[in-house]
Amino acid sequence: MMRFEGSNDYVATPDLMLAVNASIRLQRPLLIKGEPGTGKTMLAEQVASALGLPLLQWHVKSTTKAQQGLYEYDAVSRLRDSQLGDDRVRNIGNYIVQGVLWQAFTAEQPTVVLIDEVDKADIEFPNDLLRELDRMEFHVYETRQTIVARHRPIVFITSNNEKELPDAFLRRCFFHYIRFPDRDTMQRIVDVHFPDIRETLLREALEVFFGLRDIPGLKKKPSTSELIDWLKLLMAEDIPEDALRSKDGKPVMPPLAGALLKNEQDLHLYERLLAMARQHR
Amino acid sequence: MLIDFFLHLKSRRLPVSTREFLTLLEGLRDHVCTPSIDEFYHYSRLCLIKDESLYDRFDLAFGEYFGHVTELPGLEVDLPEDWLRAMARRHLSPEERARLEKLGWDKLMDEFKKRLQEQKGRHQGGSKWVGTGGSSPFGNSGYHPEGIRVGGESAGNRTAVKVWEQREYRNLDDSVELGTRNIKVALRRLRRFAREGAAEELDLDGTIAATARNAGWLDLMMRPERHNAVKVLLFLDVGGSMDDHIRICEQLFSACRNEFKHLEHYYFHNCVYETVWRDSHRRHAERIAVTDLLHKYGPDYKLIIIGDATMSPYEILHPHGSIEHLNPEPGAAWLRRLLDAWPSAVWLNPEPERLWPYRKSIEIIHQIVGERMYPTTLSGLEQAMTRLSRKH
């Protein structure tokens, strides 16, 4: 029995592990939501590598159709080939292009399928995949064959909440919302990325980071990936930890703050708040 | 069994379905989670709740239902695990214990109850928890035969209680998304499909015609896909008496944003005058002249005004009537200008329709917009959208 226990590169909270293992066990797709930068897409990659299974990714765009995940009939090439007298034209199978789900269904071993950002597609997209994800089979109209999954793939679906997903689709999924990591989890995540970071620097940096996230009215709160980038910069520039806090204990603009706040208005807001805090003390 | 739990969730207006409930049972049968209430909490949420904005409501409902579980042994601070174990050891023989552990919670509790009654209620707390045990949701479920074992996972239980009592998802429960789906369906009446944008679809008729013209040599014609090309201009009344209707307006706005690709929105207060604004936080800094809008958006835009139209009639009819500034022209003049620029227009009013006749200002605006005022109910929305899709 396959079980996911987190990995060396990925910190999974117990409830996330329960969600992953339940969806593996009961063979239901797992729908993942959460703030940007909480590792939704990473999860599928990490589960695949931890279980030693191939990962098939399907990145959904606004023009993506459900059918493209199954197969596409390239009628245009066939028409062109017929004009040129190509022999391949006799077999329609030559013009069926396999999609991600087809590859997953016919693979020799179980696979991990990632359907990334499902909410980007048209509102009908999830509905069109209901049967395929439920029964793990589909019919190819052109060649009159039915593709049935040899092994039910482990399906991860991520969503950024841009559109609401239909109820019928949701009923067939497990749903997990990845919370923004609390301070302890964040510490573990940073430890995974920077095993040799100075503890004092990390403490000060986390202080600044969570302080920033608490500012009301930011357009884009800094996320985990921004923190990681920022720490990388701090370490590369060899910035001493006392640069993050001025000597008199008053707040200062942290060095390289542009890595955390990527929006000009947010930076201005932060500067104004700092100026106000300095005056009031 | 857990059916009561399921019905309890339903009664707390959580959209849980039978199918999801069956999945839950399936997972319990397959031992997806250990028989600790901590994992059961996470697992049942995973199965039943599909929207993080409902997490808070689920936490509350779960706490209500399993709240009394905290009074059961192993959970209560006054009744530590050691004490329980000692009780079990004292009152039950090893064989009985082994047998009972297989029986499940109810039987276990009944046995305990009997034993403790023989002890004539030595422990006030003891008889209490045994009493509540009979109604325990972990009852002798066929799918979940272990129930909570005596002395099992008590620490875990407490941490789970912490999770749902902290109500960490409280701020996500804005209930905004709840009604939006049927609103979206109503808005869908306002669809005008047109082919615009990148040519991605094979135009079969065009291809046949072009190929024939080409003397049989294939000439592929592509065309853009059909999209909902309707363009909507949304004017929202904010502040003052509209504060009572914030929720319905948020719902409407969120549904509109999803449904219409070309949506422009502007805010005003009470009545439209020379200027409107786009961002409530900077309403005084960034004002936009309505005359600019009149020139910017063509008459193919559909105008939707959302407002309660509840104000003093002076604010509509008289120059300098606005409560916020000295307006050289009355609001009515500006409203008429809007209606002239965008003939296809409706006014949505969140005030209940039965109150309309009692408010003078509503009557005036109703006349100005040419009887095209509709309430923000689903049927009102449908009527409004049908009206908008008519050719004036």
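The values are calculated or read from the model by the stated rules, or taken from the named source; none is laboratory data. Owing to the predicted nature of the structure, the values given are computational and were not obtained by experimental measurement. So basically every Cβ, Gly included, is an ideal-geometry build from the backbone, and we count neighbours across all protein chains shown. When the accessible area is computed, the model is the full protein with side chains, heavy atoms only, and any ligands, DNA or RNA have been set aside. Shrake-Rupley method; radii C 1.70, N 1.55, O 1.52, S 1.80 Å.
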Every residue from segment B:36-50 that is open to solvent by less than 20 Å² (accessible area, probe 1.4 Å) and either at the interface with chain A (Cβ under 7 Å from one of its Cβ atoms) or among the β-branched types (Val, Ile, Thr) (or both): B:Ile37, B:Tyr43, B:Leu46, B:Cys47, B:Ile49, B:Lys50
From B:Arg354, B:Arg337, B:Arg359, residue being over 21 Å from B:Phe253 (Cβ atoms) and either among the aliphatic types (A, V, I, L, M) or surrounded by fewer than 14 Cβ atoms within 10 Å (Cβ to Cβ) (or both): B:Arg354
Criterion violated by A:Glu237 - all others in (1) within 31 Å of the chain's Cα centre (by Cα); (2) surrounded by 12 or more Cβ atoms within 10 Å (Cβ to Cβ); (3) at pLDDT below 85 satisfied: (2)
Only one of B:Ile304, B:Ile288, B:Ile323 that is touching a strand residue (DSSP E or B) at 6+ places or on another chain (Cβ under 6 Å) and open to solvent by 40 Å² or more (accessible area, probe 1.4 Å): B:Ile288
Some residue of segment B:318-331 being among the small types (Gly, Ala, Ser) and over 22 Å from B:Gly239 (Cβ atoms): no
Residues of segment B:23-35 classified as at the interface with chain A (Cβ under 10 Å from one of its Cβ atoms), surrounded by fewer than 20 Cβ atoms within 10 Å (Cβ to Cβ) and part of a loop (DSSP other than H, G, I, E, B), total: 3
Residue in segment A:110-119 that is in contact with a Cys (Cβ under 6 Å, 6 or more places away or on another chain) and outside any helix (DSSP H, G or I) present: no
Subset of segment A:7-35 [within 14 Å of chain B (Cβ to nearest Cβ), open to solvent by 40 Å² or more (accessible area, probe 1.4 Å) and part of a loop (DSSP other than H, G, I, E, B)]: A:Thr13, A:Gln27, A:Arg28, A:Glu35
Breaking point among (1) within 14 Å of chain B (Cβ to nearest Cβ); (2) on the phi < 0 side of the Ramachandran plot, for A:Asn161: (2)
Some residue of segment B:27-39 being of a type in the set (Asp, Glu), within 22 Å of A:Leu165 (Cβ to Cβ) and in contact with a helix residue (DSSP H, G or I) (Cβ under 6 Å, 6 or more places away or on another chain): no
Scope segment A:168-205; condition open to solvent by 50 Å² or more (accessible area, probe 1.4 Å), under 30 Å from B:Ala255 (Cα atoms) and part of a helix (DSSP H, G or I); matching residues: A:Arg171
Residue within segment A:39-47 that is in contact with a helix residue (DSSP H, G or I) (Cβ under 7 Å, 6 or more places away or on another chain), outside any strand (DSSP E or B) and within 27 Å of A:Arg135 (Cβ to Cβ) present: yes
Any pair with Cβ under 6 angstrom, 6 or more apart, that starts in segment A:167-186 at a residue that is of a type in the set (Lys, Arg) and ends at one that is assigned to a loop (DSSP other than H, G, I, E, B) and open to solvent by less than 80 Å² (accessible area, probe 1.4 Å): A:Arg171/B:Ser17
Any hit, segment A:72-89, residues being away from chain B (no Cβ under 14 Å) and either open to solvent by 20 Å² or more (accessible area, probe 1.4 Å) or not aromatic (Phe, Trp, Tyr) (or both): yes
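Looking only at segment A:240-281, count every residue that is acidic (Asp, Glu) and either open to solvent by less than 20 Å² (accessible area, probe 1.4 Å) or at pLDDT 80 or above (or both) and tell me the total.
3
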In segment A:35-71, the residues that are more than 20 Å from A:Phe125 (Cα to Cα) and among the hydrophobic types (A, V, I, L, M, F, W, C): A:Met42, A:Leu43, A:Ala44, A:Val47, A:Ala48, A:Ala50, A:Leu51, A:Leu53, A:Leu55
Output for segment A:33-54, where each listed residue is within 30 Å of A:Val140 (Cβ to Cβ) and touching a Ser or Thr at 6+ places or on another chain (Cβ under 7 Å): A:Thr41, A:Leu53, A:Pro54
Helices (runs of 4 or more DSSP H) enclosed by segment B:331-392 - at least 2 residues per element that are over 13 Å from B:Thr310 (Cα atoms) and aliphatic (A, V, I, L, M): B:331-341, B:378-389
Residue check for A:Arg213: within 14 Å of another protein chain (Cβ to nearest Cβ), more than 30 Å from A:Thr63 (Cα to Cα), out of contact with any Cys (no Cβ under 6 Å at 6 or more places or on another chain) and open to solvent by less than 80 Å² (accessible area, probe 1.4 Å): yes
Of all residues in segment A:140-167 being part of a strand (DSSP E or B) and among the hydroxyl-bearing types (Ser, Thr, Tyr), the one that is most open to solvent (accessible area, probe 1.4 Å): A:Thr146
Single residue of segment B:4-22 satisfying the filter (assigned to a helix (DSSP H, G or I) and facing another protein chain (nearest Cβ under 7 Å)) that is nearest to the chain's Cα centre (by Cα): B:Glu20
Checking B:His262 against (1) open to solvent by 50 Å² or more (accessible area, probe 1.4 Å); (2) within 14 Å of chain A (Cβ to nearest Cβ); (3) touching a Lys or Arg at 6+ places or on another chain (Cβ under 6 Å), the condition it does not meet: (2)
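Only one residue in A:Ala104, A:Ala121, A:Ala48, A:Ala75 is among the aliphatic types (A, V, I, L, M), modelled with pLDDT under 90 and touching a Leu at 6+ places or on another chain (Cβ under 9 Å), so which one is that? Show your work before the answer.
Working: A:Ala104 fails: modelled with pLDDT under 90; A:Ala121 fails: touching a Leu at 6+ places or on another chain (Cβ under 9 Å); A:Ala48 fails: modelled with pLDDT under 90.
Of A:Ala104, A:Ala121, A:Ala48, A:Ala75, the one residue that is among the aliphatic types (A, V, I, L, M), modelled with pLDDT under 90 and touching a Leu at 6+ places or on another chain (Cβ under 9 Å) is A:Ala75.
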Residue, least open to solvent (accessible area, probe 1.4 Å), within segment B:198-228, restricted to residues that are assigned to a loop (DSSP other than H, G, I, E, B) and more than 10 Å from every other protein chain (Cβ to nearest Cβ): B:Asp203
